[in-house]
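The values are calculated or read from the model by the stated rules, or taken from the named source; none is laboratory data. Just so it is clear, the structure is predicted and the values come from calculations on it, not from any experiment. Cβ placement follows ideal geometry from the backbone for every residue including glycine, while neighbour counts extend to all protein chains displayed.
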Amino acid sequence: MELKSVMNRYGLKQKIFSIAPLFGLIALVVCFLAAATAKDLNIAYSMKNILNQSVVVAVIATGAIFIYTLGSFDISLGASACVSALVGGMVYNATGSVTLMFLTCVGVAVAIALINSVLASVFNLPVFVTTVAMLSVLNAVVLMLININGTGSQIAVPTDAVAGLNTTWFKLLVLVLFFAVCLFVFDFTKIGRLQKFLGGNPVCAKLSGINNKRLAIIAFVMSGIAVGLGSFLSITYAPTLTKNTASSVGMDVIISIVFGGMPVSGGARSRIYAAVVGAFSMTFLNQIMVMFNLNSGIGQMVKAVIFLIVVSLAMSNQRNKEILPR
Amino acid sequence: MERKAVVEIRDMTKNFGITRALDRVDITVYAGEICGLIGENGSGKSTATSIYAGMQSCDNGQMFFKGERWQPSSMMDALEHGVGMIVQENGTVPGITVAENIFLGESARFRKGPLIRRTEMIRKANEILKSIGADHIEASAVTASLDFQDRKLVEIARVMGKKPEVLVVDETTTALSQKGRDIIYDIMDKMKTDGKTVIFISHDLDEIMEVCDRLTVLRDGKIIRTFEKDEFDEEAVKTSMIGRELKGDYYRSDYDGSYGQEVVAELRQANLGDQLKNLSLQLHKGEILGIGGLSHCGMHTLGKVLFGAVKPESGEALVHGKPVRDEAYAMKEKVGYVAKDRDVESLCLDASIRDNISVAGLDQFAVSRFLILPSKEKAYVKQQVDDLSIKCRSAEQYVSALSGGNKQKVAFGKWTGRGSEILILDCPTRGVDIGVKQAMYQLMYRMKKEGKSILLISEEMAELIGMSDRLIVMKDGEIKKEFRREEKLSESDMIRYMI
């Protein structure tokens, strides 16, 4: 039997394409290890750096998958992380409690997410529109918080207070636990299943009794929890908080999710692991380029080209479905 | 007189994975004739014609157009060179105007410098719409504002605007009301008179035998037999199609027409624009209530109102005596709704069979109505796939890759699986072959016997007469006539009140 026939029969082509980004990540890891060995770098130290650079984006992107699955888009995630971290830092400075700081980070991020989703529901606006407005508001809040705090251009949490949490194991634990919860909700509960269906065809979803507003609010809550966790991890890594804290996170999340193989239109083909795969793939790619001394300009171009290739491959899988007419 | 071959397909083979869709098929169609292609879902009719119309390529074989080798690179290329195809599913872009859809990919024709002369485009589009008898559609309207039938007419205008030599009409008429069908029949007649060629695919045996000069039957990707006009015989064609005699009843054979006393669903003085005008009706336990009329008579809206998907401006929809708040409430009361626009309203094409069937039945198998256990879900979906004999590679296959009949079975499976007691079926057998139709009719009858209630909305009068206990004819949002089930009820009885 022809290979093509066998692949079609068992849906292997479909499965292979769906995990292609994972193969991409493995390829990048292999390239990185080969280059690091050739250049005699400290691999353990480099891997720790990669984890530090990836973990915040990976956590936030994992939560954001719930929003992307609905075919929506949140551009205010970075600003939300910044506000959550600043308020969390202020709470620590006022109370000296890391637990309260953690709860504040999560609470503030969830509150912002809820405002986004409720505004979208009340005004019946596309979520993207409300998040654009929220981005402006949050940027203003950041400046206001720093000014109110009266310490110049930063809010600093004492390094000693969070040093015990700035470890590889703690970050991995947070990532693994949060990913496990999201995986469970996304693939093994009614919530995840309905969200994927709603993203795939909102009209049919409505006629299947699916409440889109409730699901949108749940998606934003999941995303808010992720932003809260991400902002807390940011504080443990860099306790001096400024208006630039998590400034690139918003864009990194978008790139990671798409790079990890998430369909831009959401729907049933959405994969929760896309966020983690994409976040780590981007970091490995950056590290490889740094090792080869590609200056920043060329590096950005190379990233852009690889990004386009990956997205193009992922979309070609969706376009080239062989349709058997009646 | 020797006939001039226009369309020639020789030794064509096409495989989809291990499925052999076409097996050395030969088809010849002549100038000035309407050739019918008929066969069960998946028999290869659409595959063969879609290859000829440039939608996809074949694995082996040759094609000729007016004696010349024919290898269109796309549907646009085929249309430019004289072969147009109207497909079964919706093929318009919703967010642009009717004129832009008609001249899709041809806006350069109306370019003047950097600008597009939209007025000219709209004028030309209106001319084309008028030429096919669809002048009730305004070319400047946004396509999304049109109903399913008018969007289909826009597609027809797009093809006919190119004045094709060969027209393939693939299972289009089932989406249309009588008026829409008449438009297509007129187009086909005119093409035949002008010495052009039409290939007509339909599951409606009466229609295809009425319209066509020759009839070619396909089964499992092979040509079984070609009937000349004087050989047309309904039973012989059916037997060729399914490879055996169609045993058992097609529609139900009884004329009992009895049902329970209990009212399970009702509309009370519902008003909604010109679609529903002070309309009241009752659906009883164990009843098949047929609703017929022209496409714009309001019957499709009626189905949506009863399911809670559309709110009436005044009046109310009730299920088991309680107002239907929304779709979720209707589902809770065991109401199911199979929409007319299957690909948009009934199914998520980009999801698997499993996703589509289980989405409406999660409360049936999810632990504590929340947790999905893969083994339970698999068993639930498998039950529907087996019960409805859905032809698929596995339940993980995307619905977009299924044939029309199998898609419709998935849409049925969504609601039968969760044990719906009341089913609202809007044109449930559209684009479905006679074998599947028979199975669906038997399923409906079995459900009636089990005490379930069915609201059957249909544009096929034979289906309504054949299946309904009670039959309501609607016109302009109002009930014009109610018939009881009886043997002598005929289509002409209905038509009198429809028009």
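Figures for the structure shown
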read-out: Residue in the range B:379-392 that is in contact with a Cys (Cβ under 8 Å, 6 or more places away or on another chain) and in contact (Cβ under 8 Å) with a residue 40 or more places away in the chain present; value: no
read-out: For A:L100: the one exception among (1) surrounded by 21 or more Cβ atoms within 10 Å (Cβ to Cβ); (2) under 19 Å from A:I235 (Cα atoms); (3) in contact with a Phe, Trp or Tyr (Cβ under 8 Å, 6 or more places away or on another chain); value: (1)
read-out: Residue selected from the range A:26-79 under the condition within 17 Å of A:A226 (Cβ to Cβ) and aromatic (F, W, Y), by the criterion surrounded by the fewest Cβ atoms within 10 Å (Cβ to Cβ); value: A:F73
read-out: Filtered residue count, the range B:339-360, keeping only those that are under 13 Å from B:A411 (Cβ atoms), more than 7 Å from chain A (Cβ to nearest Cβ) and crowded, with 24+ Cβ neighbours inside 10 Å; value: 5
read-out: Per-region count, the range B:31-49, residues away from every other protein chain (no Cβ under 14 Å) and out of contact with any strand residue (DSSP E or B) (no Cβ under 6 Å at 6 or more places or on another chain); value: 2
read-out: Scope the range B:258-307; condition in contact with a Gly (Cβ under 6 Å, 6 or more places away or on another chain) and on the phi < 0 side of the Ramachandran plot; matching residues; value: B:Y259, B:G260, B:R268, B:A270, B:N271, B:D274, B:Q275, B:L276, B:K277, B:H284, B:K285, B:M299
read-out: Helices (runs of 4 or more DSSP H) enclosed by the range B:55-154 - at least 3 residues per element that are in contact with a helix residue (DSSP H, G or I) (Cβ under 6 Å, 6 or more places away or on another chain) and in the same structural domain as B:K190 (by TED's automatic domain parsing); value: B:98-102, B:118-131
read-out: Residue that is nearest to the other protein chains (Cβ to nearest Cβ) [pool: residues in the range A:199-211 that are outside any loop (DSSP other than H, G, I, E, B) and touching a residue at least 24 places away in the same chain (Cβ under 8 Å)]; value: A:G200
read-out: Within the range B:139-153, tally of residues that are buried (at least 21 other Cβ atoms within 10 Å of the Cβ) and within 14 Å of B:M121 (Cα to Cα); value: 1
read-out: Qualifying residue in the range B:481-497 (condition: of a type in the set (K, R) and buried (at least 24 other Cβ atoms within 10 Å of the Cβ)); value: no
read-out: Qualifying position, being within 14 Å of chain B (Cβ to nearest Cβ), buried (at least 16 other Cβ atoms within 10 Å of the Cβ) and not β-branched (V, I, T), among A:L175, A:L215; value: A:L215
read-out: Hey, B:E287 within 30 Å of B:R496 (Cβ to Cβ), charged (D, E, K, R) and touching a strand residue (DSSP E or B) at 6+ places or on another chain (Cβ under 7 Å) or not; value: yes
read-out: Breaking point among (1) in the same structural domain as B:I27 (by TED's automatic domain parsing); (2) in contact with a Phe, Trp or Tyr (Cβ under 9 Å, 6 or more places away or on another chain); (3) surrounded by fewer than 19 Cβ atoms within 10 Å (Cβ to Cβ), for B:Y250; value: (1)
read-out: Wholly within the range B:383-499, strands (runs of 3 or more DSSP E) carrying at least 3 residues that are within 23 Å of B:Q149 (Cβ to Cβ) and within 14 Å of another protein chain (Cβ to nearest Cβ); value: B:422-426
read-out: A:V258 vs. criteria touching a helix residue (DSSP H, G or I) at 6+ places or on another chain (Cβ under 9 Å), surrounded by fewer than 24 Cβ atoms within 10 Å (Cβ to Cβ), at pLDDT 90 or above and assigned to a helix (DSSP H, G or I); value: no
read-out: Number of positions in the range B:440-457 that are out of contact with any Gly (no Cβ under 8 Å at 6 or more places or on another chain) and either among the β-branched types (V, I, T) or crowded, with 20+ Cβ neighbours inside 10 Å (or both); value: 3
read-out: Selection count, the range B:362-380, where residues are more than 10 Å from every other protein chain (Cβ to nearest Cβ) and of a type outside the set (A, V, I, L, M, F, W, C); value: 5
read-out: Residues of the range A:74-93 satisfying the condition of being assigned to a helix (DSSP H, G or I) and among the small types (G, A, S); value: A:G78, A:A79, A:S80, A:A81, A:S84, A:A85, A:G88, A:G89
read-out: Strands (runs of 3 or more DSSP E) within the range B:159-245 that include 1 or more residues away from chain A (no Cβ under 14 Å) and basic (K, R); value: B:214-219, B:222-228
read-out: Filter result for the condition that a residue is free of Cβ contacts under 8 Å to residues at least 12 places away in the same chain and over 25 Å from B:R354 (Cβ atoms), over B:D493, B:D469; value: B:D493
read-out: Within the range B:1-54, considering residues that are modelled with pLDDT under 85 and not in a loop (DSSP other than H, G, I, E, B), the one surrounded by the most Cβ atoms within 10 Å (Cβ to Cβ); value: B:A21
read-out: So A:K196, is it under 21 Å from B:L373 (Cβ atoms), in contact (Cβ under 8 Å) with a residue 12 or more places away in the chain and among the basic types (K, R); value: yes
read-out: Neighbours by Cβ (under 7 Å, 6+ apart or cross-chain): first from the range A:96-124, more than 17 Å from A:F73 (Cα to Cα); second part of a helix (DSSP H, G or I) and of a type in the set (S, T, N, Q); value: A:C105/A:S84; A:C105/A:S231; A:V108/A:S84
read-out: Residue within the range B:228-236 that is closer than 10 Å to B:L37 by Cα and either charged (D, E, K, R) or modelled with pLDDT of 90 or more (or both) present; value: no
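For (1) polar (S, T, N, Q); (2) more than 19 Å from B:R470 (Cβ to Cβ); (3) modelled with pLDDT of 95 or more, each residue gets a yes or a no:
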residue: B:H284; (1), (2), (3): no, no, yes
residue: B:E287; (1), (2), (3): no, no, yes
residue: B:G292; (1), (2), (3): no, no, no
residue: B:H296; (1), (2), (3): no, yes, no
residue: B:F307; (1), (2), (3): no, yes, yes
residue: B:L318; (1), (2), (3): no, no, yes
residue: B:G321; (1), (2), (3): no, yes, no
residue: B:D326; (1), (2), (3): no, yes, no
